[in-house]
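Participant: Can you read through this structure? Questions will come right after.
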Amino acid sequence: MRLVMLGLPAAGKGTQGRLLSERYGIPHVSTGSMFRDAMRAQTDLGRRTRAFIETGELVPDGLAVEIVEERLKKDDCRRGFLLDGFPRTVEQAESLEVTLAKMNISLDAAVNIQISEAEAIRRIANRRVCAQCSSTTQVTPGGAEVCDECGGPLVQRPDDNEETARNRLLVYLAQTQPVVDFYRKRGLLVPVNGLQPVEKVFAQIIQRLSRLDLPKRANGNGRATGITGVMS
Ligand code: AP5
Ligand code: MG
């Protein structure tokens, strides 16, 4: 399975990405996580991306395309992959199409998790990430600030403050919404309602993906053909 996850900030791309990656046995490739890891490790990539991430702007296309191309060459992507947070501009989507064509493969679907802007702001304000195991959760006022999974300390992401969050929404609408249309035109869009509990969103994605007419892929090198019946 070769998937792209689309959706507003906090739509649940990471949450569903982790579940789908386990379900299909494919790597979960999150460009946002790769940039945040680089920032924490203070690598050259981290230094070059920090200002963009902290203000909610997109990092330059060239940097995003480069790290994804490198990642897709790794062996674990031979059986498929899930791209979370990429592509984010039409230019990135076009680049990805060219890269995959060179590898003689193509995407199976672009899952678009739909939520409202008000829900995005609410989830961002309440999101905490475990500093130990990186799992993501929602906190309630006065609730515990330790991870349910491992007991580690919960922290806020550097871009989860209100001002940056509002800019991330504007940037999404201006620069990433056209990517939704890009995949709709190609018949690859799988829209799902993200305003449901996590397990219901997951069930809806699985059900819609199971309807795709995918070729059998013994070695992961088959090229996907026409996809129909995915629009809701
Ligand atoms: P990125 O890390 O991709 O952030 P994002 O798109 O803003 O999305 P989020 O990670 O905030 O949300 P999510 O959809 O993953 O939701 P989650 O599952 O965590 O990018 C960050 C930055 O990096 C960008 O602003 C940009 O600067 C840069 N960048 C990254 N990729 C780039 C690229 N390709 N090109 C250029 N720049 C790039 O869930 C959110 C919260 O809601 C969590 O607390 C979760 O527990 C909760 N939740 C999830 N699902 C549900 C549900 N169904 N019901 C209730 N709560 C839920
Ligand atoms: Mg995410």
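Participant: Collect the residues in region 99-128 that are part of a strand (DSSP E or B) and over 24 Å from Tyr24 (Cβ atoms), keeping them in residue-number order.
Facilitator: Within region 99-128, Arg127, Arg128 meet the criteria.
Participant: Within region 123-137, can one find any residue that is within 15 Å of Val4 (Cβ to Cβ) and not polar (S, T, N, Q)?
Facilitator: no
Participant: Considering only residues of region 153-165 that are surrounded by fewer than 16 Cβ atoms within 10 Å (Cβ to Cβ) and not aliphatic (A, V, I, L, M), which is farthest from ligand 1 (Cβ to nearest atom)?
Facilitator: Pro153
Participant: Considering region 47-88 alone, what residues qualify as being within 7 Å of ligand 1 (Cβ to nearest atom) and outside any helix (DSSP H, G or I)?
Facilitator: Once the filter is applied, which keeps residues that are within 7 Å of ligand 1 (Cβ to nearest atom) and outside any helix (DSSP H, G or I), region 47-88 yields Gly56, Glu57, Leu58, Val59, Asp84, Gly85, Phe86, Pro87, Arg88.
Participant: Starting from residues that are in contact (Cβ under 8 Å) with a residue 60 or more places away in the chain, crowded, with 19+ Cβ neighbours inside 10 Å and more than 15 Å from the chain's Cα centre (by Cα), keep the ones in region 34-79 and report whichever is nearest to Arg168 (Cα to Cα).
Facilitator: Across region 34-79, the extreme among qualifying residues is Gly56.
Participant: Turning to a different aspect of this structure: Hey, does region 18-25 have a residue that's open to solvent by less than 30 Å² (accessible area, probe 1.4 Å) and more than 16 Å from ligand 2 (Cβ to nearest atom)?
Facilitator: Checking region 18-25: not a single residue is open to solvent by less than 30 Å² (accessible area, probe 1.4 Å) and more than 16 Å from ligand 2 (Cβ to nearest atom).
Participant: Determine if region 137-150 includes at least one residue that is open to solvent by less than 70 Å² (accessible area, probe 1.4 Å) and either within 16 Å of ligand 2 (Cβ to nearest atom) or touching a residue at least 40 places away in the same chain (Cβ under 8 Å) (or both).
Facilitator: Within region 137-150, one or more residues are open to solvent by less than 70 Å² (accessible area, probe 1.4 Å) and either within 16 Å of ligand 2 (Cβ to nearest atom) or touching a residue at least 40 places away in the same chain (Cβ under 8 Å) (or both).
Participant: All but one of (1) closer than 25 Å to Ser95 by Cβ; (2) surrounded by fewer than 18 Cβ atoms within 10 Å (Cβ to Cβ); (3) modelled with pLDDT under 95; (4) not acidic (Asp, Glu) hold for Gly187; which doesn't?
Facilitator: Unmet condition: (3).
Participant: Okay, moving on. Which members of region 13-33 meet the condition of being more than 10 Å from ligand 1 (Cβ to nearest atom) and without any contact (Cβ under 8 Å) to a residue 24 or more places away in the chain?
Facilitator: Across region 13-33, the qualifying residue is only Glu22.
Participant: For Ser30, indicate whether it is open to solvent by less than 50 Å² (accessible area, probe 1.4 Å), closer than 24 Å to Gly194 by Cα, more than 12 Å from ligand 2 (Cβ to nearest atom) and among the small types (Gly, Ala, Ser).
Facilitator: no
Participant: Tell me whether region 49-60 contains one or more residues that are farther than 19 Å from Ser210 by Cβ, among the aromatic types (Phe, Trp, Tyr) and modelled with pLDDT of 95 or more.
Facilitator: yes
Participant: Can you confirm whether Asn104 is of a type in the set (S, T, N, Q), free of Cβ contacts under 8 Å to residues at least 12 places away in the same chain, surrounded by fewer than 17 Cβ atoms within 10 Å (Cβ to Cβ) and more than 18 Å from Lys13 (Cβ to Cβ)?
Facilitator: no
Participant: Take the conditions closer than 23 Å to Pro178 by Cα, in contact with a helix residue (DSSP H, G or I) (Cβ under 9 Å, 6 or more places away or on another chain) and not in a helix (DSSP H, G or I) and apply them to Ala11. Does it pass?
Facilitator: The answer is yes for Ala11.
Participant: Right, here's the next one. Could you list, in sequence order, all residues of region 73-91 that are modelled with pLDDT of 95 or more and under 20 Å from Gln16 (Cβ atoms)?
Facilitator: Answer for region 73-91, where residues must be modelled with pLDDT of 95 or more and under 20 Å from Gln16 (Cβ atoms): Asp76, Cys77, Gly80, Phe81, Leu82, Leu83, Asp84, Gly85, Phe86, Pro87, Arg88.
The values are calculated or read from the model by the stated rules, or taken from the named source; none is laboratory data. The structure presented is a predicted model; accordingly, all values stated were derived computationally and were not measured. All Cβ positions, glycine included, derive from the backbone under ideal geometry; neighbour counts span all protein chains shown. The protein model used for the area step is the full one, side chains on, heavy atoms only, and it has no ligands, DNA or RNA in it. Shrake-Rupley method; radii C 1.70, N 1.55, O 1.52, S 1.80 Å.
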